[in-house]
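*Asks:* Once you've had a glance at the structure underneath, I'll fire off some questions.
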């Protein structure tokens, strides 16, 4: 009997689990960790900026955020050690904007995001995840800009 | 001459030649005759920081002006300035702005070398140019070094205290280092031929690569990131590779003078990069060497070593990467013999914040987990060589 219950429990657990890819699991956890409504980006992009890595990738992402942080289809998660450091790096008005989340709790890294990454959402579903590589900087930001401006 | 005598002569010759080779052998250990040891003192200094200055910088160097004033020159990257803190008065003396655009644009400054208060060479990311600026940040001259006479590319060098690699000026020549392209995943076949040092002749406006390379056995135990630190003292350069126990002494022209085993007692084996262990987790959990620093006032070297830690569930990997929990300092005499090694208190010292002054070695106590941390202050504890 006990075995039957265990098998039933396993079956129920498996069948009730949403069919999520590992990227979706990461982004769902990230959104819940950062405490923002998911519908903010039902048709948009979550752009995650870690604080370390390829310098030109980080520099270009910072530049992009500074130019586009007011776009409502863009939610930026910027990682850093302290609020002071992030405020100096971006300015008070950017850090205090609702579309920008300052992560000083290590959420980005604890979700194993170690490169600037764009999560594209279409109709509330994760459509694609694109990591920024140093040899694809222009392509990465051209695509990102085109997407958020079309929304 | 009988067979036995010939055999003996041959044997003695072999032994003698082997003995000569071991002068450069990394396993050779000499005992230093130095009787002074690096010790933490109760002396500390603090500088007040404003709203736009962080207590973390990858470039800071001590500088004594011609009027004998002692300064800490400090790069505040976010606001694009070099700050000169007066160590005697513990006050900010002045700021040197670093323009990103306009006639005095220098690009993204990541390092500097102070010649005098009014004469500073700044080094920038992705642009192989030395900019000579004055105390107002005006560009006085530029020296490009992107190609050698025989057409080889020279990459941008940043002179900074993080993984210490200062710019060295000797008889009108500037000495810099060359990073391996894509340090995490280089084309390893090309690494043995990739020079990691260059010399720029100001007079002739010419650059040449020096015959200094990564140790050929660097990846024998698996693939490891190709980072290093190098310093200058007593007429020669000393190179410390992050995943190599040895130190390498070279002449300015690139002649290998000595290889010395400078192993930390806290590092046993290096760990190779792998699919499961990479990125920040790799750097936090595995051991490596960090800065090599020459203390010209006491004629000793300091080598920083990080032993790595085991990550716990709630650990913040980003913080632990930027602020390693604990590290040790090996002190070596001018012949690169180990004098001593001390382990610093955990969660107290910032490995990236240090400078050498006539008083001793100052190490930042602005560690993110230090209970006395104040983000609006820059604080250093003095370490001195004493009996």
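*Asks:* Tell me, yes or no, whether segment B:355-370 has at least one residue that is touching a helix residue (DSSP H, G or I) at 6+ places or on another chain (Cβ under 6 Å) and under 29 Å from residue B:259 (Cα atoms).
*Replies:* Scanning segment B:355-370 turns up no residue that is touching a helix residue (DSSP H, G or I) at 6+ places or on another chain (Cβ under 6 Å) and under 29 Å from residue B:259 (Cα atoms).
*Asks:* I would also like to ask the following. When you scan segment B:340-380, how many residues do you find that are away from every other protein chain (no Cβ under 14 Å), free of Cβ contacts under 8 Å to residues at least 40 places away in the same chain, buried (at least 18 other Cβ atoms within 10 Å of the Cβ) and in a loop (DSSP other than H, G, I, E, B)?
*Replies:* 2
*Asks:* Here's something else I'd like to know. If residue B:337 satisfies every condition in (1) under 18 Å from the mean Cα position of the chain (by Cα); (2) away from chain A (no Cβ under 13 Å) but one, which is the exception?
*Replies:* All conditions are met except number (1).
*Asks:* Is it the case that segment B:292-312 has a residue that's at pLDDT below 95 and over 15 Å from residue B:34 (Cβ atoms)?
*Replies:* Yes, there is a match, as at least one residue in segment B:292-312 is at pLDDT below 95 and over 15 Å from residue B:34 (Cβ atoms).
*Asks:* Do we have residue B:194 as surrounded by 15 or more Cβ atoms within 10 Å (Cβ to Cβ) and either out of contact with any helix residue (DSSP H, G or I) (no Cβ under 9 Å at 6 or more places or on another chain) or farther than 24 Å from residue B:295 by Cβ (or both) here?
*Replies:* Criteria met by residue B:194.
*Asks:* To continue, here is another question. Conditions first: (1) at pLDDT below 95; (2) within 20 Å of residue B:240 (Cα to Cα). Residue B:187 passes all but one, so which condition is the exception?
*Replies:* The single condition residue B:187 does not satisfy is (2).
*Asks:* Can you tell me how many residues within segment A:32-56 are buried (at least 16 other Cβ atoms within 10 Å of the Cβ), within 12 Å of chain B (Cβ to nearest Cβ) and either modelled with pLDDT under 90 or over 13 Å from the mean Cα position of the chain (by Cα) (or both)?
*Replies:* 4
Listed here are the residues, each with its yes/no results for (1) in contact with a helix residue (DSSP H, G or I) (Cβ under 9 Å, 6 or more places away or on another chain); (2) surrounded by fewer than 15 Cβ atoms within 10 Å (Cβ to Cβ); (3) modelled with pLDDT of 95 or more.
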{"residue": "B:86", "(1), (2), (3)": "no, no, yes"}
{"residue": "B:90", "(1), (2), (3)": "no, yes, yes"}
{"residue": "B:95", "(1), (2), (3)": "yes, no, yes"}
{"residue": "B:102", "(1), (2), (3)": "no, yes, no"}
{"residue": "B:108", "(1), (2), (3)": "yes, no, no"}
{"residue": "B:111", "(1), (2), (3)": "no, no, yes"}
{"residue": "B:115", "(1), (2), (3)": "no, yes, yes"}
{"residue": "B:120", "(1), (2), (3)": "no, no, yes"}
{"residue": "B:131", "(1), (2), (3)": "no, no, yes"}
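*Asks:* Then there is this: For segment A:58-92, enumerate the residues that are touching a helix residue (DSSP H, G or I) at 6+ places or on another chain (Cβ under 8 Å), part of a helix (DSSP H, G or I) and within 12 Å of chain B (Cβ to nearest Cβ).
*Replies:* Scanning segment A:58-92 gives A:60, A:62, A:83, A:85, A:86, A:87, A:88, A:89, A:90.
*Asks:* Would you say residue A:115 is surrounded by fewer than 20 Cβ atoms within 10 Å (Cβ to Cβ), touching a strand residue (DSSP E or B) at 6+ places or on another chain (Cβ under 6 Å), at pLDDT 90 or above and within 12 Å of another protein chain (Cβ to nearest Cβ)?
*Replies:* yes
*Asks:* Can you go through A:126, A:144, A:101 and tell me which one is part of a strand (DSSP E or B), in contact with a helix residue (DSSP H, G or I) (Cβ under 8 Å, 6 or more places away or on another chain), crowded, with 20+ Cβ neighbours inside 10 Å and touching a residue at least 40 places away in the same chain (Cβ under 8 Å)?
*Replies:* A:101
*Asks:* In addition: For the list (1) in contact with a strand residue (DSSP E or B) (Cβ under 8 Å, 6 or more places away or on another chain); (2) at pLDDT below 95, I need the number of the one condition that residue B:150 fails.
*Replies:* If we test residue B:150 against (1) in contact with a strand residue (DSSP E or B) (Cβ under 8 Å, 6 or more places away or on another chain); (2) at pLDDT below 95, just (1) comes out false.
*Asks:* Since residue B:111 meets every condition but one in (1) more than 14 Å from chain A (Cβ to nearest Cβ); (2) within 19 Å of the chain's Cα centre (by Cα), which condition does it not meet?
*Replies:* Against the list (1) more than 14 Å from chain A (Cβ to nearest Cβ); (2) within 19 Å of the chain's Cα centre (by Cα), residue B:111 comes up short only on (1).
*Asks:* For segment A:57-77, which residues satisfy the criterion of being modelled with pLDDT under 95 and within 14 Å of residue A:114 (Cβ to Cβ)?
*Replies:* A:57, A:58, A:77
The values are calculated or read from the model by the stated rules, or taken from the named source; none is laboratory data. Since this is a predicted model, take the numbers as computed values, not measurements. Cβ atoms come from the backbone with ideal geometry, glycine included; neighbour counts cover every protein chain shown.
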